[in-house]
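Visitor: Below are the structure tokens for one structure; questions will follow.
The values are calculated or read from the model by the stated rules, or taken from the named source; none is laboratory data. Here the structure is a predicted model, which is why all the values come from computation and not from measurement. Neighbour counts run over all protein chains shown; Cβ positions are idealised from the backbone, glycine included. We work out accessible area using only protein heavy atoms, side chains counted, and drop any ligands, DNA or RNA first. Shrake-Rupley method; radii C 1.70, N 1.55, O 1.52, S 1.80 Å.
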Amino acid sequence: TGGDHPTAVRMPGMTGVVAIAAGDAHTVLLKSDGTVWTCGYNANSQLGDGTTANRSTATQVQGLTGVVAIAGGDLHSVALKSDATLWGWGANSSGQLGDGTATGRGTPVRAQGF
């Protein structure tokens, strides 16, 4: 549950995790089935769930499957799908999502040119 932990704790319900990425106060997890899960701070929708609610348990990023790699940024997250497309969500004030805008996104958007 919430709060700081001085030692490692198991994340409830999380099995089959093959990769993890840390953003600024949020975590991105990739499961072996190609789904992406996130938890933590969410003021800029960097959890990709369409809200700005913080989450102390991992929630699946809806509409995003076939993912092979993930990364967590300052206030955004990105995922690379098996079809070589790049998807991002969260803060976008510097265009870091690559969608040709500077508009933050609460759910994954495809980066242009990928």
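Visitor: Suppose we keep only residues that are open to solvent by 30 Å² or more (accessible area, probe 1.4 Å) and of a type in the set (A, V, I, L, M) within the range 84-108. Which one would you say is nearest to Val28 (Cα to Cα)?
Guide: The qualifying residue nearest to Val28 (Cα to Cα) is Leu86.
Visitor: Residues that are open to solvent by less than 30 Å² (accessible area, probe 1.4 Å) and in contact with a Phe, Trp or Tyr (Cβ under 7 Å, 6 or more places away or on another chain): find the strands (runs of 3 or more DSSP E) completely inside the range 1-74 holding 2 or more of those. Break it down into steps so the answer makes sense when it comes.
Guide: Values: elements: 17-22, 26-31, 36-40, 55-60, 67-72.
Answer list for the range 1-74: 26-31.
Residue by residue, here is whether (1) over 28 Å from Gly104 (Cα atoms); (2) among the polar types (S, T, N, Q); (3) out of contact with any Gly (no Cβ under 8 Å at 6 or more places or on another chain) holds:
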position	(1), (2), (3)
Gly3	no, no, yes
Pro6	yes, no, yes
Arg10	yes, no, yes
His26	no, no, no
Cys39	no, no, yes
Asn42	no, yes, yes
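Visitor: Here's something else I'd like to know. So Ser77 ticks every box in (1) more than 17 Å from Ala111 (Cβ to Cβ); (2) among the polar types (S, T, N, Q); (3) not in a loop (DSSP other than H, G, I, E, B) but one. Which box is left unticked?
Guide: (1)
Visitor: Another question about this same structure. Quick one: would you say Gly88 is in contact with a Pro (Cβ under 9 Å, 6 or more places away or on another chain), closer than 23 Å to Phe114 by Cβ and in a strand (DSSP E or B)? Steps first, answer last, please.
Guide: Values: in contact with a Pro (Cβ under 9 Å, 6 or more places away or on another chain): yes; closer than 23 Å to Phe114 by Cβ: yes; in a strand (DSSP E or B): yes.
So Gly88 passes the test.
Visitor: Residues in the range 91-102: is at least one under 25 Å from Gly16 (Cβ atoms), in contact with a strand residue (DSSP E or B) (Cβ under 9 Å, 6 or more places away or on another chain) and among the small types (Gly, Ala, Ser)?
Guide: For the range 91-102, residues under 25 Å from Gly16 (Cβ atoms), in contact with a strand residue (DSSP E or B) (Cβ under 9 Å, 6 or more places away or on another chain) and among the small types (Gly, Ala, Ser): absent.
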